[in-house]
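Undergrad: Attaching a single structure in C-alpha cells format; questions to follow.
The values are calculated or read from the model by the stated rules, or taken from the named source; none is laboratory data. On a predicted model such as this, the values are computed, not experimentally measured, just so you know. FYI the Cβ positions are ideal-geometry reconstructions off the backbone, even for glycines, and counts take in every protein chain you see. With ligands, DNA and RNA removed, areas are computed over all heavy atoms of the protein, side chains included. Shrake-Rupley method; radii C 1.70, N 1.55, O 1.52, S 1.80 Å.
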Amino acid sequence: MTIATSVETYLNGQGVGYELVAHKATGSTHETATAAHVPEDHMAKAVILRDQDGHAMAVIPGTAWLHLERLNQAAGRDFALVEESDLDALFPDCARGAVPPLGPAYGVETFLDEDLTSLHDVYFEAGDHQHLVHFDGEAFQGLLKGARRGRFSGAT
C-alpha cells in the first residue's frame, strides 16, 4: 500500500494536488521525519478520541502531545483516548499506528490544532509506515475547512 484508499478518494474528490514521499519503515513520528528528511514540526498526526456521542480526531503537530483537558474544555465534551487496537474498524485501509489526519475522509469529526495553520508545508502518514503525503499548508487547511480550530497541544 502507498496511500489509504479513503484518503486517495477524498483527495481526488477535492481536486487537491499532493506528493507522496517514500521512506524506510518507521515506528514513530520522529523516526518518520528523520527517514523522510522532513522537519518533524511540519508533520501532522492524528489522535483518535471517543465520547458518548462517537469518535473524533484531533490533528496536532508531530512534535506535540494532545492536552486532552484543553480539548474537552473547548469542545464541551468528555473525550477519552481510543486504544490503538480499536482503530482497525474505524480505519480499515490503514496500518495500525499510521492513521492519516484527515477526519473528513473517514466521516470523523475533526479538531485542528492552530499550530498547524501557519505552516508552508505539511506532511502526514499516508496510511502505512513507508509513505508520507506532502501538501502545501493552505491546501491542507482547505481539506480540514470544517474542523474546529484551537490550541489543543503542547511541545513534547
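Undergrad: Which FRET efficiency value, to the nearest 0.05, do you get for residue 9 and residue 69 by plugging their Cβ-Cβ distance into 1/(1 + (r/R0)^6) with R0 = 30 Å? Don't skip to the end; give the middle numbers.
TA: On the way: r = 35 Å, r/R0 = 1.16.
The value I calculate is 0.30.
Undergrad: Once the cut-off is 22 Å, how many percent of the Cα-Cα pairs in the chain end up in the long-distance tail?
TA: Values: 4131 of 12090 pairs.
The proportion of pairs with Cα distances above 22 Å equals 34 percent.
Undergrad: Then there's this: Please report, in debye to the nearest 20, how large the charge dipole of the stretch 1-89 is about its Cα centre when each Lys and Arg carries +1 at its beta carbon and each Asp and Glu carries -1 there. Before the final figure, lay out each step's value.
TA: Numbers: 5 positive and 13 negative charges, 41 e Å.
Charge dipole, the stretch 1-89, about its Cα centre: 200 debye, nearest 20.
Undergrad: Per 5 Å bin, what percent of the C-alpha pairs of the stretch 86-128 does each bin hold, from zero upward?
TA: Percent of Cα pairs in each bin: 5, 21, 26, 25, 15, 8, 1.
Undergrad: Using the Karplus curve 6.51 cos²θ - 1.76 cosθ + 1.60 with θ = phi - 60°, what ³J(HN,Hα) values do you get for each residue of the stretch 10-24, in whole Hz, with x for Gly and Pro?
TA: Computed from phi, the couplings for the stretch 10-24 are 5, 5, 5, x, 8, x, 9, x, 8, 10, 8, 10, 7, 8, 5 Hz.
Undergrad: Distance between Cα centroids, the stretch 86-155 to the stretch 1-33: provide it in whole Å.
TA: Here the answer is 10 Å between Cα centres.
Undergrad: Let me ask another. If you count only protein heavy atoms with a 1.4 Å probe, what accessible area per residue comes out for the stretch 48-113, rounded to a whole Å²? Don't skip to the answer; put the middle values down first.
TA: Numbers: 3030 Å² over 66 residues.
Heavy-atom accessible area per residue stands at 46 Å².
Undergrad: If each residue of separation counts as 0.36 nm, what is the full-extension length gain between residue 96 and residue 30 once their alpha-carbon separation is subtracted? Show your work: numbers first, answer last.
TA: Details: separation 66, 0.36 × 66 = 23.76 nm, distance 1.68 nm.
Full extension of this stretch gives 22.1 nm more.
Undergrad: Run the accessible area of the chain with a 1.4 Å probe and give the carbon-and-sulfur part as a rounded percent. Mind showing how you got there, number by number?
TA: Numbers: 3530 of 7450 Å².
Of all accessible area on the chain, carbon and sulfur atoms account for 47 percent.
Undergrad: May I ask for the Kirkwood hydrodynamic radius of the stretch 54-139, worked out over all distinct Cα pairs and given in angstroms to one decimal?
TA: 13.9 Å
Undergrad: How high is the relative contact order of the chain, in percent, counting Cα pairs under 8 Å that sit 6 or more residues apart?
TA: Values: 311 pairs, mean separation 49.7, N = 156.
Result for the chain is 32 percent.
Undergrad: Here is a follow-up. Using the Karplus curve 6.51 cos²θ - 1.76 cosθ + 1.60 with θ = phi - 60°, what ³J(HN,Hα) values do you get for each residue of the stretch 89-105, in whole Hz, with x for Gly and Pro?
TA: Karplus-based 3J(HN,Hα) across the stretch 89-105 equals 6, 6, 10, x, 9, 10, 6, 4, x, 10, 6, x, x, 10, x, x, 5 Hz.
Undergrad: Can you list the HN-Hα couplings for the stretch 134-145, worked out from phi with the Karplus curve (6.51, -1.76, 1.60; θ = phi - 60°), rounded to whole Hz and with x for Gly and Pro?
TA: My calculation for the stretch 134-145 gives 10, 10, 5, x, 5, 5, 4, 4, x, 5, 10, 4 Hz in order.
Undergrad: Then there's this: For residue 153, what residues show an amide H to amide H distance below 5 Å, using hydrogens built from the backbone and excluding near sequence neighbours?
TA: The answer is 67.
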